[in-house]
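Participant: One structure, as structure tokens, below. Some questions next.
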Amino acid sequence: MTLSGENGQTAPRARSRRAFDRDKALAVALEEFWTYGYETTSIASLTKAMGINPPSLYAAFGDKRQLFGEAVELYQRTYGTVPASEEVPDARTAVRAVLMRVAADYTDPRHPPGCLIITAATNCGPGSQDVQTDLRTIREATKASLAALIRRDVETGALPGDVDAEGLATFYASVIQGMNQQAVDGASRETLEKVAEAAMRAWPEPGPA
């Protein structure tokens, strides 16, 4: 039925649904993926948590895979990356800062524990290999950034010339992944900070002055 005003014009039909906040909906989707992983999180659970129906989700975000991609981008913007080389005086300072930051982030009670980039594809099946590949690429890029910082210090003489930059970066990437699992298992920030300090004791001695 249409409604006519006094001048005979057809009045706009009242909206039956309240428009949703896309940014808030994306933040909710991020928490769902972070908590349950990509494979386990369903369209039904997403729409229930976001307070929208499936057509609205598809219209706003495309499909589940596209929504996950946006959630990953939001995670990266919100929870930071490895500092750029010009932001830190040396690789040791950068690596320690990263470890201390993840100790805080992974145990922050305001969001799910651990790291979305590490855990979201853990239980993915063959149909979600692209998700696994994308997250692995992000992790490899982080490791490469750490290696670049270490390599810079080797080249400047701040670290000995025989230091294996890639090997050392892989060691600290492994520490980060271990801290993630500890956080998921309920470890406290204090515990993870102790892990970080222990890991830093493995840092090579400075090169000759």
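The values are calculated or read from the model by the stated rules, or taken from the named source; none is laboratory data. Small disclaimer: the values here were computed from a predicted structure and weren't measured. Cβ sites come from the backbone with ideal geometry, for glycine too, and all protein chains shown count toward neighbours.
Participant: How many residues, within the range 190-209, are in a helix (DSSP H, G or I), surrounded by fewer than 16 Cβ atoms within 10 Å (Cβ to Cβ) and of a type outside the set (Val, Ile, Thr)?
Facilitator: Summing the residues that are in a helix (DSSP H, G or I), surrounded by fewer than 16 Cβ atoms within 10 Å (Cβ to Cβ) and of a type outside the set (Val, Ile, Thr) in the range 190-209 gives 5.
Participant: Still on this model: Cβ-Cβ below 6 Å, separation at least six or inter-chain, first residue in the range 41-64 and of a type in the set (Gly, Ala, Ser), second modelled with pLDDT under 95: which pairs?
Facilitator: Pairs that qualify, where the first residue is of a type in the set (Gly, Ala, Ser) and the partner is modelled with pLDDT under 95, are Ala60/Arg22.
Participant: If you check every pair at least six apart or on different chains, which have Cβ atoms under 7 Å apart with a residue in the range 167-191 that is modelled with pLDDT of 95 or more first and a residue that is assigned to a helix (DSSP H, G or I) and exposed (fewer than 13 other Cβ atoms within 10 Å of the Cβ) second?
Facilitator: What qualifies is Arg189/Ala104.
Participant: Another question, if that's okay. Does the range 145-155 include one or more residues that are surrounded by fewer than 15 Cβ atoms within 10 Å (Cβ to Cβ) and over 21 Å from Tyr79 (Cα atoms)?
Facilitator: Looking through the range 145-155, at least one residue is surrounded by fewer than 15 Cβ atoms within 10 Å (Cβ to Cβ) and over 21 Å from Tyr79 (Cα atoms).
Participant: Another question about this same structure. Does the range 4-22 contain any residue that is within 28 Å of Gln129 (Cα to Cα), modelled with pLDDT under 95 and under 17 Å from the mean Cα position of the chain (by Cα)?
Facilitator: No; the residues of the range 4-22 include none that is within 28 Å of Gln129 (Cα to Cα), modelled with pLDDT under 95 and under 17 Å from the mean Cα position of the chain (by Cα).
Participant: Look at Ala158 and say whether it is outside any helix (DSSP H, G or I) and over 19 Å from the mean Cα position of the chain (by Cα).
Facilitator: Considered against the rule, which asks whether it is outside any helix (DSSP H, G or I) and over 19 Å from the mean Cα position of the chain (by Cα), Ala158 comes out as yes.
Participant: Output the residues belonging to the range 75-117 that are over 19 Å from Glu193 (Cβ atoms), in contact with a Lys or Arg (Cβ under 9 Å, 6 or more places away or on another chain) and either modelled with pLDDT of 90 or more or surrounded by 17 or more Cβ atoms within 10 Å (Cβ to Cβ) (or both).
Facilitator: Asp90, Ala91, Ile117 - these are the residues of the range 75-117 that are over 19 Å from Glu193 (Cβ atoms), in contact with a Lys or Arg (Cβ under 9 Å, 6 or more places away or on another chain) and either modelled with pLDDT of 90 or more or surrounded by 17 or more Cβ atoms within 10 Å (Cβ to Cβ) (or both).
Participant: With respect to Ala44, is the statement that it is surrounded by 12 or more Cβ atoms within 10 Å (Cβ to Cβ) and either at pLDDT 95 or above or aromatic (Phe, Trp, Tyr) (or both) true?
Facilitator: no
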